[in-house]
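All of the numbers you see were taken from the coordinates with simple rules; none came from a lab. Nothing here was measured: the structure is a model prediction, and the numbers come from that model. Neighbour counts run over all protein chains shown; Cβ positions are idealised from the backbone, glycine included.
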Amino acid sequence: MADTEPSLDDRRFMATAIRLSRRHFGLTGTNPSVATLIVADGVIVGRGVTAIGGRPHAETQALAEAGERARGATAYVTLEPCAHHGRTPPCAEALVTAGVSRVVGAASDPDPRVAGRGYAILRAAGIAVLEGVLAENAGDQLNGYLIRSVKRRPEVTLKLAVSADGMIGLTDEGRVAVTGEAVRRQVHLMRAESDAILIGIRTALADDPELTCRLPGLDSRSPIRIVLDRNARLPASAKLAVTARLVPTMVAALPETVGAERRAELESRGVTFLATEAHEGRVALPELMEDLGARGIGTLMVEGGADAAAQFLAEDLVDRLVLFSSTKEIGTGGVRAPITPATVPARFRLLRESRFGADIGQEWVRAH
Ligand code: AOF
Ligand code: ZN
C-alpha cells in the first residue's frame, strides 16, 4: 500500500495530535513534547503525549491505552518514532509489535540516533508509512527541539510591543506601557513556556524588571534570566540580582571589562557569569547562543530593548517574531522599534494573528 497523499482524515487527525502535543510544552526537559494518536475505523482508541520529564514517550502511552485495538490501526505521530534503546525499547519497534498497519508522521527526528531509522524500522516490518503530513505545523510546535538539534542553539523568540508611531516603550509594565493587560498576561504565559529570557542592560537599568512568570498556578515556571551586559553594569540591588537565588540570573559580560570585585559582588548574590567571546566590542551572540544550547536551554525569549533586538535580527538569530501592536502613540521619550509589522523581512512567515484587548498580537516564524 504505497499511499503518497494524506487524506482529509489524515490531516484532521494529525492536526488533533499536534494540538495534543502542546500539553507538555516546556515540561519535557530536553526531549520534545510530541503526541501520538491510534485510530481504528475512524475512531481514536489511544492517545499519548511525551510524559513530564521526557519519558515515557508518547507512543508507549497511546499503545497502552489502545491495547488490542491497535492491531490493524493507524498511528499518527507528530515526530518520527524513536529507533534507539532508552529506558524502554524503541517506539518504532513498539508500533511494530502492537501490529499497527499504517503510520502517518509529521516531523522527521534530527536526533542522530533516529534520523530516518524510525521510519525505516516501520517500513522493514511491512507497515505503510506516510511522512511529512503537516510537518511545518508540527515543527512549529516542537518548542525549539528542531532548531536546538540542528543548529546547536536555542530557538530564539523576539518579542516586542510596538506603538502606533513605531516606538517601543521603555517598559512593559511601568508608566509608559505600550500595550494593555491582556498582552501582559500573554507575555507571562510566553515566559512560562520559555527556558530562558534575555534582555539588554539598558532595559535592565531603566525598568528594573523581575522577568518572572506571575500567573496564578504558573509562578513556579519562571525562566532563567539573562542580561546582555558587556560591562557588567547590573547593580547588585537590581531585582534580577536580589532574586537570583530564587530564579537563576546570568550575566553575559566581556571578561576583560569585568573587575574581580564587581564580579564577586554579583556572584555573592547568586548571579552567574556566562562564558562569552567579544565581537567588535560586543558580546558575540552566536557563541553565546551555542553556550546556552550546551547548557540545555532549548528556547530563549528576547524581551528587548531595541539594541538587543536589533543585534539578534542583524545576526539572523531570530526564529520567531512576536509583535504586539498598540493603537497608542508614544511620541517623545519613545525608542524607535528596530522592527514593526510593516518592516518584517520576507524570510518570516505569518503564523497567527490574535486580538489581545485593544492590541493586536502577530507571530511570524522564520522559514526553515
Ligand atoms: C519518540 N516519542 O514521545 C519523544 C521522542 O532520552 P530519551 O531516551 O527519552 O530520548 C530522547 C529522544 O527521543 C529525543 O532526542 C528525540 O529523538 C526522541 N523523542 N521520540 O519516539 C516521543 N519525545
Ligand atoms: Zn520513543
**Study point:** Label-to-label distance, nm, for residues given as Arg245 and Leu205 (7 Å Cα→Cβ offset)
**Key:** 2.8
Point to revise | the chain: antiparallel DSSP beta bridges as a percent of all, rounded to 5 | key: 45
Study note, to complete from the structure: Taking only Cα atoms of the stretch 1-47, the Rg to Rh ratio with Kirkwood Rh works out at 1.06
Review point. With each pseudo-label sitting 7 Å past Cα toward Cβ, what's the Thr327-Arg349 distance in nm, one decimal?
Key: 3.2
Study note, to complete from the structure: Its Cα gyration tensor gives the stretch 218-368 an equivalent ellipsoid whose semi-axes in whole Å, largest first, are 30, 18, 17
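Could you calculate, for the chain, the ratio of the Cα radius of gyration to the Kirkwood radius, expressed as Rg to Rh?
For the chain, the value is 1.02.
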Exercise for review: Determine the gain in length on full extension of the stretch Glu315-Arg336; use 0.36 nm per residue of separation and subtract their C-alpha separation, reporting nm with one decimal.
Suggested key: 5.6 nm
Check your understanding: So how compact is the stretch 103-214: Cα radius of gyration and Dmax in angstrom?
Key -> 20.3, 64
Study note, to complete from the structure: For Tyr119, the net charge from surrounding residues (Cβ-Cβ under 11 Å; K, R +1; D, E -1) works out to -1
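Expressed in nm to one decimal, what extension gain is obtained for the pair Asp41 and Thr97 from 0.36 nm per residue of sequence separation less their Cα-Cα distance?
Gain in length upon complete extension: 18.2 nm.
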Check your understanding: Of the beta bridges DSSP finds with both residues in the stretch 40-147, what % are antiparallel, to the nearest 5?
Key -> 10
Point to revise | Label-point separation, Arg23 to Arg152 (7 Å along Cα→Cβ), nm | key: 3.6
Exercise for review: Output the peptides 29-39, 74-84, 311-321 sorted from most to least packed, where packing is the average of other Cβ atoms within 10 Å over each peptide's residues.
Suggested key: 74-84, 29-39, 311-321
Revision key, fill the gap. Length gained, Thr257-Ala125, 0.36 nm per residue minus C-alpha separation, equals 41.5 nm
